[in-house]
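The values are calculated or read from the model by the stated rules, or taken from the named source; none is laboratory data. Because the structure is a prediction, the values reported are computed rather than measured. Backbone-built Cβ (ideal geometry, glycine too); neighbour counts: all protein chains shown.
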Amino acid sequence: MPAYQLTTEILNHSVARTWDEAKLEWALLEVYEAEKPETCLCGHFPIIELCVLINRRNRNQVTVGNFCVKKFIGLPSDKIFQAVKRIRKDQSKSLNAEAVQHAFDRHWINEWEKNFYFEIMRKRKLTPKQAAKKNEINVLVLARMKR
């Protein structure tokens, strides 16, 4: 039943009238971890990994759980959450490309920081200065992921 409720709600907020067309109208606007559990558009509760979607055609916004976004709409929110969990456990770890791009698209980091991160992302040995800058970016992203 939750999948059906999600389909109905997405269609209600879309221009298209079929699921296959409607889901293509949506883009990932924001991902965040809720301080208190919230409810997905499908009705599932409790969820803390949330995604704000925006409709490209009519600018409507909806908040959906990460599972529904990944399973039914197919956007890369799960990769962003994986990266955030990894750096929350160990801030010396790296974000992945999806998380870096997400941070840049939301103006959490600037273009230089994005390019820097992509350059050092796969390096095994960083200079102390590179490691410090990477850690600074990781902290910035972690702070923006909480709501």
Evaluate the stretch 107-119: report whether one residue or more is touching a strand residue (DSSP E or B) at 6+ places or on another chain (Cβ under 7 Å) and either closer than 17 Å to R86 by Cβ or free of Cβ contacts under 8 Å to residues at least 40 places away in the same chain (or both).
no
Filter the stretch 49-94 for residues that are closer than 17 Å to E21 by Cβ and among the aliphatic types (A, V, I, L, M); the one that is surrounded by the fewest Cβ atoms within 10 Å (Cβ to Cβ) is I54
Looking at H102 and the list (1) of a type outside the set (A, V, I, L, M, F, W, C); (2) over 19 Å from E33 (Cβ atoms); (3) surrounded by 17 or more Cβ atoms within 10 Å (Cβ to Cβ), which single condition is not satisfied?
(2)
Condition first: within 18 Å of C51 (Cα to Cα) and among the charged types (D, E, K, R). Now tell me which residues in the stretch 94-147 satisfy that.
E98, D105, R106, R144, K146, R147
Which listed residue, of L6, L29, L41, is in contact with a Phe, Trp or Tyr (Cβ under 9 Å, 6 or more places away or on another chain), surrounded by 15 or more Cβ atoms within 10 Å (Cβ to Cβ) and either modelled with pLDDT of 95 or more or hydrophobic (A, V, I, L, M, F, W, C) (or both):
L6
Would you confirm, using the coordinates I've provided, whether E136 is among the acidic types (D, E) and touching a Phe, Trp or Tyr at 6+ places or on another chain (Cβ under 8 Å)?
no
Flag for I87 being touching a helix residue (DSSP H, G or I) at 6+ places or on another chain (Cβ under 7 Å) and under 15 Å from N135 (Cβ atoms):
yes
